[in-house]
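Contents: one structure, followed by commentary.
Readers should treat all values here as calculations from the given coordinates under stated rules, not as data from a laboratory. This one's a predicted model, so the numbers in the text were calculated from it and none came from an experiment. Don't worry about glycine lacking a Cβ; one is built from the backbone with ideal geometry, like all the others, and counts go over all protein chains shown.
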Amino acid sequence: MTSRLGRFALLMAMPVMTLAIAVHAQQDGSSDREVLYWYDPMYPQQKFDAPGPSPFMDMDLVPRYADQGGDRASISIDPGIMQNLGMRLATAQEERISQSIEAVGTLEYNQRKVAQVQARSAGFVERVYDLAPDDIIEQGAPLVDVFIPEWATAQEEYLALRDLDVPDLLAAARQRLRLVGMPAETIQALERSGRASTTWTISSPIDGVVQELDVREGMTVAAGDSLVRINGLDTVWLEVAVPEAQVAELRPGQSVTARLPAFRGEHLEGTITAVLPSANIDSRTVRVRAELPNPERRLRPGMTAEVSLSSDETTALMVPSEAVIRTGRRNLVMLAEGEGRFRPVEVRVGRESGDRTEILEGLESGQQVVASGQFLLDSEASLRGLTAQTPGASSAPADPGPSALHEAEGTVIGIDGDMLGLEHGPFETLGMPGMTMPFPVADMQLLEGIEPGDRVRVGVSESDDGLTIERIEQLPNGASGDGHKQHNHGEHQP
């Protein structure tokens, strides 16, 4: 049975033989160092109190020294092997970064540059000048002539009182002119000319584009009726949809750069004026509003633009992006501890700037990580049963709590004491492919009724010591399904 388990261990160890040899080579000539225990590098879950031949392979047990970190999850690699594998180290350091976001935006009218022209008094529209919606007009351009009968009596009264030289009565007459809706410039013209006028020519108060034209010749208008709505064009809004995950660093006052297909090769600079308070539930984006100058009136609402938004510079802890191992469930780096020792550490990542990634938690400034070859180290750590230290966790060893079991099906090859030889399929939740290898069992009672050749489904726990069988379900040979007998650690069933 021992030879068969040795063959299983050899199959398990083949993918990491190069690193295992490096680990073994580093131990030679170190008899003066304190030894914690002996182990087989191909089967590190099993610890031995004394040196001797490995029960799994045709090799001697190797020592685990106290200055190698004891039970900490670290790997020792010979410097020569590191050089042959092309491993490079990088230092985590504080850097000034500014996040740049690329998005698409649309030009719109600046709704703060709007003039609403209304009738001040009731009257009749005598003339509408040659205008239509979307016409561009200049400030002071005539819009509408309105005949206002009410003005005639008020003006005649004012002219009569002006000849009497009674200041108080004249002031009251001038106030009445304002109350009937006469503009200040019309009152001044009356004072200069001495002639009453009942037709008011309404002109544009700003440069812009006619948005609404709600008046026609012959219409009767009441005081307060809307006649023309004009939108200014000296600035335009740029509305940008930014993914909600990237909007936290954006603030009013930050700069934006817009590139429009209509003006290829040109970069238009603007400023963020608002990050709007609501998000689009379908696209999961937040609208960011910027303002672009438009002195030549070339920018037209409805145009699209490619936009670059830059956040303020901040200080962040950065490492090369290639140093981060992204598993899909977590992010890891291989921390270099000196003297050829490495340890997997789980990190929480933040923004990316070029080829650098921000580390929010898990590393400190000045620590070194492996930037090239880290996948080989991570594979070695996984096969040796080493687990990554999580962000914020103490580096001191702690008693592991109960963990979820990882399941796979396989065929029993042999049983030797508390060791079960198993030719198993993949452990999907571990990302571990199918192979043949021995497993320790948590309780000898789990092996009752199990014989070589049986089909079983096993549940294993993962710890710093490797994988241990906690549950065995005996399956009908050649199939999986109901009708099986289940053995659980701590729940023996006779």
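Which shape class applies to segment 139-246: rounded if a/c is under 1.5, otherwise prolate when a/b exceeds b/c and oblate if not, where a ≥ b ≥ c are the square roots of the Cα gyration tensor eigenvalues?
Because a/c hits 1.5 or more and a/b exceeds b/c, segment 139-246 counts as prolate.
Mind giving me the FRET efficiency for Arg96 and Asp49? R0 is 45 Å, r the Cβ-Cβ distance, nearest 0.05 is fine.
0.25
To make sure I understand, if each residue's beta carbon is the centre and we count other beta carbons within 10 Å, what order do Ser100, Ser310 fall in, fewest to most? Don't skip to the answer; put the middle values down first.
Details: Ser100 13, Ser310 16.
Ordered from fewest to most neighbouring Cβ atoms within 10 Å, Ser100, Ser310 come out as Ser100, Ser310.
Compute the distance in nm between two label points, each set 7 Å from the Cα along the Cα-to-Cβ direction, one at Ala196 and one at Val104.
6.4
So if each residue of separation counts as 0.36 nm, and I subtract the Cα-Cα distance between Arg330 and Val114, what length gain in nm does that give? Display every interim value, and only then the final one.
Numbers: separation 216, 0.36 × 216 = 77.76 nm, distance 5.19 nm.
Full-extension gain reported as 72.6 nm.
Need the C-alpha centroid separation for segment 208-256 versus segment 443-474, integer Å.
Each part's Cα centre sits 71 Å from the other's.
If I model a spin label at Ala274 and Arg298 as a point 7 Å from the Cα along the Cα→Cβ vector, what separation in nanometres do I get?
Placing both labels 7 Å along Cα→Cβ, they lie 2.8 nm apart.
When the Cα centres of segment 170-195 and segment 144-163 are compared, how far apart do they sit, in Å?
So the separation of the two Cα centres works out to 8 Å.
Treat each spin label as a single point 7 Å out from the Cα along the C-beta direction, and report the Glu185 to Arg284 distance in nm.
Between Glu185 and Arg284, the simple spin-label model gives 5.5 nm.
Any chance you could run the full-extension gain for Ala171 through Leu159? It's 0.36 nm times the residue separation minus the Cα-Cα distance, nm to one decimal.
On the way: separation 12, 0.36 × 12 = 4.32 nm, distance 1.17 nm.
Contour length minus Cα-Cα distance gives 3.1 nm.
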